[in-house]
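Just below is one structure, and these are the notes that go with it.
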Amino acid sequence: MTERNGRRRFLHLAASLFFTVVALLIIVGGGGWWVLSHPQSPVPSHWNPLRDLTVRAPVTPITTYQLQRALGDEAQCRAALSAAGVTFAPMDDLVVDPNCGIAGRGLLSRLVTARVAAVETSCTTTLRLAMWEHHVVQPAARDVLGTDVRALHHLGSYNCRRMRTAQGQDSGWSSHATADAIDIISLDLEDGRKLTLLSDWAVPGPQAEFLRRINQGACDWFRVVLGPDYNRLHADHFHLQGPGWGFCR
Ligand SMILES: [Zn+2]
């Protein structure tokens, strides 16, 4: 009998401990939720997972989560671009066939700082490009070259075509067929210098260092990044692609 009593006491103790922990978690968790969701929350937006992405805010461990949410919600994506000063004029979706078209379509002509020759693309590609420009390209230009980037030059984003490989044409559809990628070929700097991947990538010096840094840094904001080190098809441009399984060369 005493053994049974002891077991009952133990179960009772275990149960009360369990419910105390659950109650504490609810109080602490609920308090945390209240602090985060309060309109005057003391937690800065870029540290608050309940707040929308701000392109110009410092990057924190929360940024990727906020970016994913903005990428999945067209209205939030457009709002983030507009708040950052990006010129992305809205256009109707382009519907061609199951393989080709642009959802969340717009005309991009300026990123946060740098100009871009007007290009039709998707909101998601533009948002990733804006994050790359603001958090990688401009800081790297200041660090390595002591100047800002005035303009980014591209080879286009939307192109209803199949993938190209070094072996020829592949059967799969290119991410360009849905404007989920953009190809960057050269950059103009504020001090007048013009850098092209074709002529500056392989010549050792600060310009090549800068290009390598922004190639590597593109992997933080795009899932597939292909550059001159990948194959001869990319000798003259960076292929920056949103969706994919993480490939960076
Ligand atoms: Zn490409």
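The values are calculated or read from the model by the stated rules, or taken from the named source; none is laboratory data. All of these numbers come straight from a predicted model, not from anything done at the bench. Because the Cβ atoms are built from the backbone with ideal geometry, glycine has one as well, and the counts that use them run over all protein chains shown. Surface accessibility is based on the protein's heavy atoms, side chains included, excluding ligands, DNA and RNA. Shrake-Rupley method; radii C 1.70, N 1.55, O 1.52, S 1.80 Å.
Quick look at the numbers
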quantity: Isotropic mean projected area of the C-alpha convex hull, the range 1-142 (nm²); calculated: 15.1
quantity: Over 18 Å [Cα-Cα, the range 129-196], rounded percent; calculated: 50
quantity: Full-stretch length increase - Leu13, Asp220 - with 0.36 nm per residue and alpha-carbon distance subtracted; calculated: 69.6 nm
quantity: Accessible surface, the range 53-248, averaged per residue in Å² (probe 1.4 Å); calculated: 45
quantity: Point-to-point label distance, Trp245-Leu233, nm (Cα→Cβ direction, 7 Å offset); calculated: 1.8
quantity: Cα-projected label distance for Glu120 with Gln167, points at 7 Å along beta-carbon direction, nm; calculated: 3.3
quantity: Cα-based radius of gyration of the range 127-245 once divided by 2.2 N^0.38 Å, which approximates compact folds; calculated: 1.05
quantity: Residue-span extension gain [Thr87 to Val203] - 0.36 nm each, minus C-alpha spacing; calculated: 38.4 nm
quantity: The chain: proportion of alpha-carbon pairs further apart than 25 angstrom, %; calculated: 52
quantity: Accessible surface, 1.4 Å probe, highest first, among residues Ser171, Ser157, Ser45; calculated: Ser171, Ser45, Ser157
quantity: Where only alpha carbons of the range 23-82 are counted, the Rg and the Dmax (Å); calculated: 13.0, 43
quantity: Highest-fluctuation residue, Leu94, Leu11, Leu24 considered, GNM on the chain with Cα pairs under 10 Å; calculated: Leu11
quantity: Added length on full extension, which subtracts the Cα-Cα distance from 0.36 nm per residue, Ala103 to Leu36; calculated: 20.9 nm
quantity: DSSP-assigned coil residues among trypsin sites (Lys or Arg not before Pro) in the range 156-207, each with at most 16 further Cβ atoms within 10 Å; calculated: Arg161, Arg193
quantity: Approximate shape of the range 1-42 as ellipsoid semi-axes (Cα gyration tensor, √5λ), whole Å, largest first; calculated: 40, 4, 4
quantity: Mean-position separation - Cα centroids, the range 186-249 and the range 16-95, in angstrom; calculated: 30
quantity: Residue-averaged 222 nm ellipticity for the chain, from DSSP H runs of 4+ at -39500 (n - 2.57), nearest 500; calculated: -10500 deg cm²/dmol
